[in-house]
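Encoded as C-alpha coordinates, the structure appears first; notes follow it.
The values are calculated or read from the model by the stated rules, or taken from the named source; none is laboratory data. The structure presented is a predicted model; accordingly, all values stated were derived computationally and were not measured. Every residue, glycine among them, receives a Cβ derived from its backbone with ideal geometry; neighbour counts consider all protein chains shown. With ligands, DNA and RNA removed, areas are computed over all heavy atoms of the protein, side chains included. Shrake-Rupley method; radii C 1.70, N 1.55, O 1.52, S 1.80 Å.
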Amino acid sequence: MKRLRILQGLVLVCILLVPVVIFLFLKTFGNNQYDIPVFFQNGVEDPLSECKMTDSGQHYIPGFTLLDQNGQSRGSKEMAEKITIVDFFFTSCPSICPVMSTELERVDDAFRNDDQIQIYSISIDPEYDTPEVLAEYAQRHMATAGKWFFLTGDKSLIYNLARCGFILPTIDGEGQPEEFVHSDKFVLVDGQGRIRGYYSGTNREDVDKLILETKILLHGTK
(Lines give C-alpha, C1' and ligand atoms only; values in the text may rest on other atoms or scores of the structure.)
Protein backbone atom coordinates (compact mmCIF):
# COMPACT_ATOMS: atom_id res chain seq x y z
CA MET A 1 0.00 0.00 0.00
CA LYS A 2 2.82 2.35 0.90
CA ARG A 3 4.58 1.65 -2.42
CA LEU A 4 1.37 2.39 -4.30
CA ARG A 5 1.06 5.79 -2.59
CA ILE A 6 4.68 6.59 -3.42
CA LEU A 7 4.10 5.61 -7.05
CA GLN A 8 0.94 7.72 -7.20
CA GLY A 9 2.88 10.64 -5.74
CA LEU A 10 5.61 10.31 -8.35
CA VAL A 11 3.04 10.19 -11.14
CA LEU A 12 1.41 13.36 -9.78
CA VAL A 13 4.75 15.15 -9.60
CA CYS A 14 5.52 14.17 -13.20
CA ILE A 15 2.14 15.44 -14.36
CA LEU A 16 2.71 18.75 -12.58
CA LEU A 17 6.18 19.07 -14.10
CA VAL A 18 5.03 18.65 -17.71
CA PRO A 19 3.81 22.28 -18.11
CA VAL A 20 7.04 23.52 -16.53
CA VAL A 21 9.17 21.48 -18.94
CA ILE A 22 7.13 22.70 -21.93
CA PHE A 23 7.46 26.32 -20.77
CA LEU A 24 11.22 26.02 -20.34
CA PHE A 25 11.58 24.37 -23.75
CA LEU A 26 9.63 27.12 -25.49
CA LYS A 27 11.49 29.82 -23.59
CA THR A 28 14.85 28.30 -24.49
CA PHE A 29 14.26 27.32 -28.09
CA GLY A 30 11.15 29.19 -29.19
CA ASN A 31 12.93 32.51 -29.74
CA ASN A 32 16.01 31.15 -31.43
CA GLN A 33 17.05 32.98 -34.61
CA TYR A 34 18.43 31.16 -37.63
CA ASP A 35 20.63 33.86 -39.07
CA ILE A 36 21.52 33.75 -42.77
CA PRO A 37 25.00 35.29 -43.22
CA VAL A 38 25.64 38.28 -45.43
CA PHE A 39 28.76 37.65 -47.51
CA PHE A 40 31.45 40.20 -48.35
CA GLN A 41 30.30 42.93 -45.97
CA ASN A 42 33.80 44.39 -46.06
CA GLY A 43 34.28 44.05 -49.79
CA VAL A 44 35.88 41.39 -51.96
CA GLU A 45 39.59 40.65 -52.07
CA ASP A 46 40.98 41.18 -55.56
CA PRO A 47 44.75 40.63 -55.30
CA LEU A 48 45.27 40.48 -59.09
CA SER A 49 43.07 43.54 -59.71
CA GLU A 50 41.02 41.57 -62.24
CA CYS A 51 37.74 42.96 -61.04
CA LYS A 52 38.64 46.59 -60.44
CA MET A 53 37.04 46.58 -57.02
CA THR A 54 37.05 50.11 -55.64
CA ASP A 55 34.64 49.89 -52.71
CA SER A 56 35.68 48.20 -49.48
CA GLY A 57 32.10 48.18 -48.18
CA GLN A 58 29.27 45.73 -48.76
CA HIS A 59 29.55 43.86 -52.06
CA TYR A 60 26.46 43.85 -54.27
CA ILE A 61 25.74 42.02 -57.51
CA PRO A 62 26.57 44.55 -60.25
CA GLY A 63 24.11 45.64 -62.89
CA PHE A 64 23.78 43.39 -65.93
CA THR A 65 21.35 42.54 -68.71
CA LEU A 66 21.20 39.26 -70.63
CA LEU A 67 18.68 37.38 -72.78
CA ASP A 68 16.50 34.58 -71.46
CA GLN A 69 15.32 31.44 -73.25
CA ASN A 70 12.44 33.42 -74.76
CA GLY A 71 14.72 36.09 -76.20
CA GLN A 72 13.59 38.63 -73.56
CA SER A 73 15.95 40.94 -71.69
CA ARG A 74 16.48 39.94 -68.09
CA GLY A 75 19.10 40.71 -65.46
CA SER A 76 19.85 42.55 -62.24
CA LYS A 77 16.88 44.90 -62.56
CA GLU A 78 14.49 41.96 -62.28
CA MET A 79 16.33 40.71 -59.17
CA ALA A 80 15.30 43.74 -57.11
CA GLU A 81 13.05 42.84 -54.17
CA LYS A 82 13.17 39.16 -55.10
CA ILE A 83 15.22 36.23 -53.85
CA THR A 84 17.26 34.82 -56.72
CA ILE A 85 19.12 31.51 -56.88
CA VAL A 86 21.90 31.62 -59.48
CA ASP A 87 24.16 29.07 -61.10
CA PHE A 88 26.58 29.09 -64.04
CA PHE A 89 26.41 26.18 -66.46
CA PHE A 90 26.33 25.26 -70.16
CA THR A 91 24.02 22.90 -72.00
CA SER A 92 26.74 20.73 -73.57
CA CYS A 93 28.49 20.23 -70.24
CA PRO A 94 29.61 16.58 -69.97
CA SER A 95 30.15 16.49 -66.22
CA ILE A 96 28.45 18.33 -63.36
CA CYS A 97 25.82 20.45 -65.14
CA PRO A 98 23.23 17.68 -65.64
CA VAL A 99 23.36 16.94 -61.91
CA MET A 100 23.11 20.63 -61.04
CA SER A 101 20.14 21.15 -63.33
CA THR A 102 18.40 18.09 -61.90
CA GLU A 103 18.89 19.47 -58.39
CA LEU A 104 17.53 22.83 -59.54
CA GLU A 105 14.39 21.00 -60.65
CA ARG A 106 13.82 20.26 -56.95
CA VAL A 107 14.39 23.91 -56.07
CA ASP A 108 12.05 25.02 -58.84
CA ASP A 109 9.38 22.62 -57.62
CA ALA A 110 9.77 23.73 -53.98
CA PHE A 111 8.97 27.34 -54.90
CA ARG A 112 6.70 26.75 -57.88
CA ASN A 113 3.89 28.88 -56.46
CA ASP A 114 5.98 31.62 -54.86
CA ASP A 115 6.40 34.72 -56.99
CA GLN A 116 9.15 36.11 -54.75
CA ILE A 117 11.59 33.34 -55.67
CA GLN A 118 13.30 32.97 -59.05
CA ILE A 119 16.19 31.03 -60.57
CA TYR A 120 18.86 32.27 -63.01
CA SER A 121 20.93 29.65 -64.84
CA ILE A 122 23.56 31.59 -66.77
CA SER A 123 25.42 29.94 -69.66
CA ILE A 124 29.19 30.28 -69.84
CA ASP A 125 29.09 29.07 -73.46
CA PRO A 126 26.84 31.74 -74.95
CA GLU A 127 28.11 31.22 -78.49
CA TYR A 128 26.50 27.77 -78.52
CA ASP A 129 23.75 28.38 -75.97
CA THR A 130 21.42 30.59 -77.96
CA PRO A 131 17.92 31.36 -76.62
CA GLU A 132 16.60 28.56 -78.83
CA VAL A 133 19.03 26.02 -77.36
CA LEU A 134 18.23 27.24 -73.84
CA ALA A 135 14.49 26.98 -74.49
CA GLU A 136 14.88 23.32 -75.40
CA TYR A 137 17.03 22.75 -72.31
CA ALA A 138 14.46 24.50 -70.11
CA GLN A 139 11.73 22.27 -71.49
CA ARG A 140 13.86 19.19 -70.86
CA HIS A 141 14.18 20.15 -67.21
CA MET A 142 10.50 21.10 -66.85
CA ALA A 143 11.40 24.67 -65.83
CA THR A 144 8.49 26.68 -64.47
CA ALA A 145 7.72 29.50 -66.88
CA GLY A 146 8.32 32.93 -65.38
CA LYS A 147 10.38 31.49 -62.52
CA TRP A 148 13.39 29.59 -63.88
CA PHE A 149 15.27 31.65 -66.45
CA PHE A 150 18.14 30.42 -68.63
CA LEU A 151 20.33 33.34 -69.63
CA THR A 152 22.83 33.99 -72.41
CA GLY A 153 24.55 37.05 -73.84
CA ASP A 154 27.92 38.72 -74.24
CA LYS A 155 30.68 36.32 -73.21
CA SER A 156 33.00 38.89 -71.63
CA LEU A 157 30.11 40.28 -69.58
CA ILE A 158 29.14 36.81 -68.36
CA TYR A 159 32.67 35.84 -67.34
CA ASN A 160 33.22 39.13 -65.56
CA LEU A 161 29.86 38.70 -63.84
CA ALA A 162 30.75 35.19 -62.67
CA ARG A 163 34.19 36.10 -61.38
CA CYS A 164 33.63 39.61 -60.06
CA GLY A 165 29.90 39.72 -59.35
CA PHE A 166 29.12 36.29 -57.95
CA ILE A 167 32.76 35.58 -56.97
CA LEU A 168 32.95 32.21 -58.69
CA PRO A 169 35.93 30.75 -60.62
CA THR A 170 35.17 30.46 -64.34
CA ILE A 171 37.47 29.57 -67.26
CA ASP A 172 36.57 29.72 -70.94
CA GLY A 173 36.87 26.37 -72.73
CA GLU A 174 37.03 28.03 -76.16
CA GLY A 175 34.22 25.84 -77.46
CA GLN A 176 35.60 22.57 -76.07
CA PRO A 177 33.14 21.21 -73.47
CA GLU A 178 35.87 19.32 -71.59
CA GLU A 179 37.93 22.50 -71.19
CA PHE A 180 35.35 24.75 -69.56
CA VAL A 181 35.85 25.24 -65.84
CA HIS A 182 33.08 26.56 -63.61
CA SER A 183 31.86 26.22 -60.06
CA ASP A 184 29.21 23.74 -58.94
CA LYS A 185 27.85 26.33 -56.50
CA PHE A 186 24.34 27.69 -56.34
CA VAL A 187 24.37 31.29 -55.11
CA LEU A 188 21.58 32.67 -52.93
CA VAL A 189 21.03 36.40 -53.49
CA ASP A 190 18.58 38.52 -51.52
CA GLY A 191 16.37 41.32 -52.82
CA GLN A 192 19.07 43.89 -52.10
CA GLY A 193 21.60 42.15 -54.32
CA ARG A 194 23.67 40.75 -51.47
CA ILE A 195 25.07 37.20 -51.55
CA ARG A 196 23.62 35.19 -48.67
CA GLY A 197 24.95 31.69 -49.33
CA TYR A 198 26.88 29.22 -51.50
CA TYR A 199 25.70 25.62 -51.87
CA SER A 200 27.07 22.69 -53.85
CA GLY A 201 24.67 21.93 -56.66
CA THR A 202 25.92 18.34 -56.80
CA ASN A 203 25.22 17.61 -53.13
CA ARG A 204 21.61 16.81 -52.23
CA GLU A 205 22.02 17.76 -48.56
CA ASP A 206 23.52 21.11 -49.55
CA VAL A 207 20.60 21.76 -51.88
CA ASP A 208 18.20 20.87 -49.06
CA LYS A 209 19.99 23.51 -46.98
CA LEU A 210 19.57 26.02 -49.83
CA ILE A 211 15.82 25.34 -49.92
CA LEU A 212 15.59 25.75 -46.14
CA GLU A 213 17.58 28.99 -46.03
CA THR A 214 15.63 30.41 -48.96
CA LYS A 215 12.43 29.80 -47.01
CA ILE A 216 13.94 31.48 -43.96
CA LEU A 217 14.94 34.52 -46.03
CA LEU A 218 11.44 34.63 -47.45
CA HIS A 219 9.49 34.24 -44.22
CA GLY A 220 11.88 34.94 -41.39
CA THR A 221 15.27 36.45 -40.77
CA LYS A 222 16.29 39.05 -43.35
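See the values below:
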read-out: Sequence of LEU218, LEU134 when ordered by accessible area, the most exposed leading, probe 1.4 angstrom; value: LEU218, LEU134
read-out: In Å², nearest 10: area of ASP190 left accessible to a 1.4 Å probe; value: 10
read-out: Estimated FRET transfer efficiency when R0 is 25 angstrom, pair SER92-ASP154 (beta carbons, to 0.05); value: 0.85
read-out: Heavy-atom accessible area per residue - region 47-164, 1.4 Å, Å²; value: 48
read-out: Interchain or long-range residues, amide H under 5 Å from TRP148's placed H; value: ILE119
read-out: Solvent-accessible surface ranking, highest first, for ARG163, ARG204, ARG74 at 1.4 angstrom; value: ARG204, ARG163, ARG74
read-out: Percentage relative contact order, region 33-105, counting C-alpha pairs under 8 Å, at least six apart; value: 17
read-out: Accessible carbon and sulfur surface of region 55-176 relative to its total accessible area, %, 1.4 Å; value: 50
read-out: List ASP109, ASP68, ordered by accessible area with a 1.4 Å probe, largest first; value: ASP109, ASP68
read-out: Pairwise label distance in nanometres, LYS77 with ASP115, each label 7 Å out on the Cα-Cβ vector; value: 1.9
read-out: 25 Å Cα-Cα threshold exceeded, pairs from LYS52/LYS185; LYS77/LYS147; LYS82/LYS185; LYS155/LYS215; value: LYS155/LYS215
read-out: Average projection area in nm² (convex hull over Cα atoms of region 54-161, one quarter of hull surface); value: 7.3
read-out: D_trans [Stokes-Einstein, Kirkwood Rh over alpha-carbon pairs] for region 55-96, 20 °C, 1.002 mPa s, µm² s⁻¹; value: 166
read-out: Antiparallel content of DSSP bridges confined to region 27-160, in %, to 5; value: 25
read-out: Residue list for region 117-152, given a label point 7 angstrom along the Cα-to-Cβ vector of ASN70 and an amide N cut-off under 12 Å; value: 144-150
read-out: By average C-beta atoms within 10 angstrom, highest first, the peptides 36-45, 96-105, 58-67; value: 96-105, 58-67, 36-45
read-out: Listed peptides 120-132, 137-149 by packing density, highest first (mean Cβ within 10 Å); value: 120-132, 137-149
read-out: Cut-off under 5 Å, modelled amide H: who pairs with SER200 long-range; value: PHE186
read-out: Lys, Arg +1 and Asp, Glu -1 on Cβ, resulting dipole of region 96-155 about Cα centre, debye, nearest 20; value: 140
